[in-house]
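Report on the structure given below.
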Amino acid sequence: ATVRLDQLQERLGDAVEIEWKAFMLRPQPEERTQEKFVNYTQSWLRPAEMEPLASFVPWATENPAPSHSLPALVAGKIVESINPELAGSYHRALLKAYFTDNRTISADAVYRSIADETGIDVAAFDDELATNRDVHVNQVIDDHNEALGAGINAVPTVLMAGSFPVPGAQDVATYERLVTKIAER
């Protein structure tokens with residue numbers, strides 16, 4: 001969906017504003033065997049076939065599976081607060097780290113490294129994490145609860161015009177038709 005939304009924004013420019021919201025697929029830490037997780041990541045081949053511009057690589061490293069969703073989502077909120085201009089780049093870098101590079105994005109060292117690789121001031125990132133972690137945890141929880149309240153229970157789901165959920169990764173033409181219809185109204 002990220003690749004397609006980027007294409008949509010390129011086509012429609014200012015008519016499209018993308019705001020990333022947090023949704024915890026794994027709210028609590030969960031221990032999984034490496035074998036079970038590697039087998040699960042084989043399911044990534046389906047979306048890889050559907051979108052050639054997206055890169056999905058089934059887990060092929062010895063890196064442990066991410067424990068849960070919260071750490072990376074909190075890191076994303078931190079980046080939004082200290083450098084909103086780089087928030088989208090950081091979001092995409094987290095996705096690449098997980099789906100392509102098979103990195104454990106729930107690990108402190110990994111999401112901090114991704115911040116550094118994205119041009120984020122790591123000292124400012126660390127300071128924000130140390131002083132306002134609970135604020136950002138609550139932002140993630142609020143986003144998650146807002147999604148559940150809107151009937152969203154999976155990713156990707158695009159919420160258009162703040163109230164119209166579009167589940168699944170749709171093709172760019174579908175997104176464009178929906179944006180056009182909403183704008184006409």
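The table that follows gives values for the structure above.
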item	result
Separation of the V155 and V135 label points, Cα + 7 Å toward Cβ, nm	2.3 nm
Accessible surface of the chain [probe 1.4 Å, protein heavy atoms]: carbon and sulfur percent	52 percent
Kirkwood Rh, angstrom, the range 1-108 [1 / mean 1/r, Cα pairs]	15.1 Å
Given charges at beta-carbon only (K, R positive; D, E negative), |dipole| of the range 15-56 in Debye	160 debye
Shape category assigned to the range 28-91 from the gyration tensor of Cα positions, a/c cut at 1.5	oblate
For V158, distant residues with modelled amide H under 5 Å away	V166, G168
Residue order for H91, H144 - accessible surface, 1.4 angstrom probe, largest first	H91, H144
Solvent-accessible surface ranking, highest first, for S67, S81 at 1.4 angstrom	S81, S67
Gap separating the Cα centres of the range 127-145 and the range 47-113, nearest whole Å	18 Å
Solvent accessible area, Å² - W59, 1.4 Å probe, full protein context	10 Å²
Residue with peak Gaussian network fluctuation, the chain [Cα springs, cutoff 10 Å], from T131, T100, T157	T131
Restricting the range 1-79 to GluC sites (Glu not before Pro) in coil, as DSSP defines it, with at most 12 other Cβ within 10 Å	E17, E19, E30, E31, E62
Extension gain from S113 to N145, taking 0.36 nm per residue of separation minus the Cα-Cα distance	8.6 nm
Fluctuation leader among I120, I105, I18 - the chain, Gaussian network, Cα springs under 10 angstrom	I18
Cα gyration tensor category, rounded, prolate or oblate, for the range 15-65 with a/c compared to 1.5	oblate
Convex hull volume of the chain per residue (C-alpha atoms, cubic angstrom)	122 Å³
Helix-only mean residue ellipticity at 222 nm for the chain, each DSSP H run of n ≥ 4 adding -39500 (n - 2.57), per residue, nearest 500	-17500 deg cm²/dmol
Within the range 59-185: Cβ-based charge dipole about Cα centre, in debye rounded to nearest 20 (Lys, Arg +1; Asp, Glu -1)	500 debye
Whole-number accessible area per residue in Å² for the range 1-80, which is evaluated in the context of all protein chains at 1.4 Å	61 Å²
The chain, relative contact order [Cα under 8 Å, separation at least 6], %	25 percent
Residues whose placed amide H lies under 5 Å from that of V57, excluding near-sequence neighbours	T100
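The values are calculated or read from the model by the stated rules, or taken from the named source; none is laboratory data. Values in this document were obtained by computation on a predicted structure and should not be read as measured data. Neighbour counts run over all protein chains shown; Cβ positions are idealised from the backbone, glycine included. Accessible surface areas use protein heavy atoms only, side chains included; no ligands, DNA or RNA. Shrake-Rupley method; radii C 1.70, N 1.55, O 1.52, S 1.80 Å.
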